[in-house]
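See below for the structure under consideration.
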Amino acid sequence: MRISLFLEKIKNAKSFEVFAVIALLNMATAVFALNLISGEDGFDAPWYLLDFGKIALFIWLWVVGHYSYQEAKISKRIKVVYNFFFFMAMAYILFPEIIYQSVSVSEHALVTHTFLYSMFAFYSLTSYFYTKAKLKTDTKFLDYINSLLLLVFLIIGVWYIQPVINKFQVRA
């Protein structure tokens, strides 16, 4: 119940609110990282504080995909695959040290390629859901590429995507 209210607040947020939260969290992450690297003032932030900006971005992307999926009425099998790639990408972002320490050096390339593929699949499926929900007709490859580029370039994309997501009707 509480999670659905949280997702609903993200869905109904204004574009500038979404952008401000993601941008400010990423700037705070940069400040924490610089303080950790420089070692000034004995400041030692926990590792999970460094990922809030990335987590906020991925939660927003998941909300875009989730509500677009509901609006477009796409097969549930694709939603399962979408959630799988979302959790794969989040695992790599949240626990990179654990993942890379548990594999040998020769397997690092495989792990990196798996991460890059899961990121690409997550962004592509989010773009697919969004394009299907927005256009509500047969779509072309260029429509998907347009949506994918808007998702990748957040600075521009959030201003176009969030108002469309706000218009989607929520189904229980």
- [ ] Might you check whether a residue that is surrounded by fewer than 19 Cβ atoms within 10 Å (Cβ to Cβ) and within 23 Å of residue 14 (Cβ to Cβ) occurs anywhere in the range 137-146?
- [x] yes
TODO: Consider residue 161 carefully, then state whether it is within 24 Å of residue 13 (Cα to Cα), assigned to a helix (DSSP H, G or I), of a type in the set (Val, Ile, Thr) and touching a residue at least 24 places away in the same chain (Cβ under 8 Å).
DONE: yes
Task: Filter result (exposed (fewer than 15 other Cβ atoms within 10 Å of the Cβ) and hydroxyl-bearing (Ser, Thr, Tyr)) within the range 58-99 - done: 75
Task: Single condition residue 73 does not satisfy, out of (1) out of contact with any helix residue (DSSP H, G or I) (no Cβ under 7 Å at 6 or more places or on another chain); (2) at negative phi; (3) free of Cβ contacts under 8 Å to residues at least 40 places away in the same chain - done: (2)
Open item on the list: As an exercise: evaluate residue 98 against (1) modelled with pLDDT of 80 or more; (2) part of a helix (DSSP H, G or I); (3) among the β-branched types (Val, Ile, Thr) and give the number of the one condition it does not meet.
Closed with: (1)
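This table checks each residue for (1) of a type outside the set (Lys, Arg); (2) in a helix (DSSP H, G or I); (3) out of contact with any helix residue (DSSP H, G or I) (no Cβ under 8 Å at 6 or more places or on another chain).
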| residue | (1), (2), (3) |
| --- | --- |
| 106 | yes, yes, yes |
| 109 | yes, yes, yes |
| 117 | yes, yes, yes |
| 124 | yes, yes, no |
| 137 | yes, no, yes |
| 143 | yes, yes, no |
| 151 | yes, yes, no |
| 155 | yes, yes, no |
| 169 | yes, no, no |
- [ ] Being in contact with an Asp or Glu (Cβ under 9 Å, 6 or more places away or on another chain), of a type in the set (D, E, K, R) and modelled with pLDDT of 80 or more narrows it down to one of 132, 140, so name that one.
- [x] 132
Open item on the list: Test of understanding: among 154, 125, 116, which residue is over 15 Å from residue 63 (Cα atoms) and aliphatic (A, V, I, L, M)?
Closed with: 116
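The values are calculated or read from the model by the stated rules, or taken from the named source; none is laboratory data. Everything numeric here is computed off the predicted structure, so don't read it as measured data. Glycine also receives a Cβ, built like all others from the backbone with ideal geometry; neighbour counts cover every protein chain displayed.
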